[in-house]
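Every read-out reported here was derived from the displayed coordinates using simple, explicitly stated rules and does not represent laboratory data. These numbers were taken from a predicted model, which means no experiment stands behind them. Positions of Cβ are backbone-derived with ideal geometry, glycine not excepted, and every protein chain shown enters the neighbour counts.
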Amino acid sequence: MIVRNLEEARKTDRLVKAENGNWDSTRLLLDEDGGKCSFHITRIFEGTETHIHYKHHYEVVYCMEGEGEVETLADGKVWPIKPGDVYILNEHDDHLLRATKTMHLACVFTPGLTGKEVHREDGSYAPVD
């Protein structure tokens, strides 16, 4: 069994910060933990817009706090996001995530992340080895 505390994990290298300052993410469960997925608590900071396109991963995102919107770039559709909402990137959706109030999101990735991934210029992470 693995038990971790969010605030304690934020004091370690499990806290990953975006180079552009738009977000940070605490990686509570990683691929190395053997769960076949990864689980993160991510904060998208107020007033930011982030381009994301996970070409090699699926992601489920649950909003716990804050407000914003997600826009799919293929069709320009915009969905407001508020506490209690979930969105699922089940088709490797190329999207923009905007926060009007800092959003606290619970995120599950499959395949699991290593915790060291960096968004590439196209918004994706590199393929899993």
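A compact table of results
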quantity: Viscosity 1.306 mPa s, 10 °C: Kirkwood-radius Stokes-Einstein D of segment 21-110 over Cα pairs, µm²/s; calculated: 121 µm²/s
quantity: Highest-MSF residue in the chain out of Glu91, Glu71, Glu59 [GNM, Cα springs under 10 Å]; calculated: Glu91
quantity: Fewest-first ranking of Arg98, Arg27, using other Cβ atoms within 10 Å as the exposure measure; calculated: Arg98, Arg27
quantity: Cα-projected label distance for Lys55 with Thr102, points at 7 Å along beta-carbon direction, nm; calculated: 3.3 nm
quantity: Residue exposure sequence - Ile44, Ile2 - by fewest surrounding Cβ within 10 Å; calculated: Ile2, Ile44
quantity: Value at 222 nm in deg cm²/dmol, rounded to 500, when DSSP H runs of n ≥ 4 in the chain each add -39,500 (n - 2.57); calculated: -500 deg cm²/dmol
